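Undergrad: If you scroll down you'll find the structure; I have some questions about it.
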Amino acid sequence: MNINQATLVIIKPDGLKKSLTGNILTRLSEMKLEIAAARVMRVSRELAAEHYRHMQDKPFFEELLKYLMGELHNRKKVLAMVYYGKDAIRKVRLLAGSTNPEEAEPTSIRGAYGRITTNGLYENVIHASENEEEAEREIKLWFKPEEIIFDIYPTEITIRNNVQEKNWLSGIVD
Ligand code: ADP
């Protein structure tokens, strides 16, 4: 595919704890994509649950929320980024590797650095959006329009308490 796409990349708490940030950013920079946004942030339970809403019926859902919130690693932060460019979603998924770190290519980020915990959770270091629809939903969930260097999705100006705010155009994310 040769079209420009945006994708959400998250270095999860295990990636930060294992000091993999520099290594992962270097590998991402080799993808020839543009960094359109970056934020170090704490993840609330609400944000984690919304991000992983498609996993809510899984037996490991609670553990998964704790993982993203940093409660399994005593590192209550993640590095969330938006990468933009040609074929961005496929390129970053390929670099990340399969969801299960034991099945991931050994040279992929998950294959090299991921593990399966004794509770059976895949600690796989990095998140990368799966497709364009998910990328849009996730980017709008994690970032406000002004935190991204250019307008990836349509926005609207609203007025709250006499202050103008730029928000994602409503009605697109459910
Ligand atoms: P991906 O992160 O590759 O898009 P999913 O959205 O299916 O994969 O899963 C979200 C996260 O939940 C994974 O990154 C991993 O941390 C965890 N996970 C997924 N499937 C399993 C599983 N079968 N057992 C344990 N943990 C899992």
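Undergrad: Let me check I've understood the local charge: for Ile159, count other residues with C-beta under 14 angstrom from its C-beta, Lys and Arg +1, Asp and Glu -1. What total comes out? Write down the numbers at each step before the final one.
TA: Working: positive: Arg160, Lys166; negative: Glu156, Glu165.
Within the 14 Å Cβ shell, the charges total 0.
Undergrad: When Lys and Arg each count +1 and Asp and Glu each count -1, what net charge do the other residues less than 9 Å away from Leu16, Cβ to Cβ, add up to? It would help to have the intermediate numbers written out before the result.
TA: Numbers: positive: Lys12, Lys17, Lys18, Arg75, Lys77; negative: Asp14.
It works out to a net charge of +4.
Undergrad: Give me the net charge of Val82's neighbourhood, meaning all other residues with Cβ under 10 Å from the Cβ of Val82; Lys, Arg count +1, Asp, Glu -1. Don't skip to the end; give the middle numbers.
TA: Details: positive: Arg39; negative: Glu34, Glu138, Glu147.
Counting the neighbours of Val82, the net charge comes to -2.
Undergrad: May I pose another question? Which number comes out as Rg/Rh for region 1-52 once both Rg and the Kirkwood Rh are worked out on C-alpha atoms?
TA: On the way: Rg = 13.2 Å, Rh = 13.1 Å.
Taking Rh as the inverse mean 1/r over Cα pairs, Rg/Rh reads 1.01.
Undergrad: Charges at C-beta only: +1 for Lys and Arg, -1 for Asp and Glu. How large is the resulting dipole of region 4-144 about its Cα centre, in Debye rounded to 20? Intermediate values should be presented prior to the final figure.
TA: Details: 23 positive and 20 negative charges, 124 e Å.
Computed charge dipole of region 4-144: roughly 600 debye.
Undergrad: Just the ratio, please: alpha-carbon radius of gyration of region 112-158 over 2.2 N^0.38 Å, N its number of residues. Could the numbers behind the result be given before it?
TA: Details: Rg = 15.7 Å, N = 47, 2.2 N^0.38 = 9.5 Å.
Here the Cα radius of gyration is 1.65 times the empirical estimate.
Undergrad: A follow-up question, please. Please state the equivalent ellipsoid semi-axes for the chain: what are the square roots of 5 times the Cα gyration tensor eigenvalues, largest first, in whole Å? Show your work: numbers first, answer last.
TA: Numbers: eigenvalues 145, 79, 42 Å².
Semi-axes (√(5λ), whole Å): 27, 20, 14.
FYI, it's all coordinate maths here, none of it is from the lab. Computed from a predicted structure; not experimentally measured. Every residue, glycine as well, gets a Cβ built from its backbone with ideal geometry; the counts of neighbours run over all protein chains shown.
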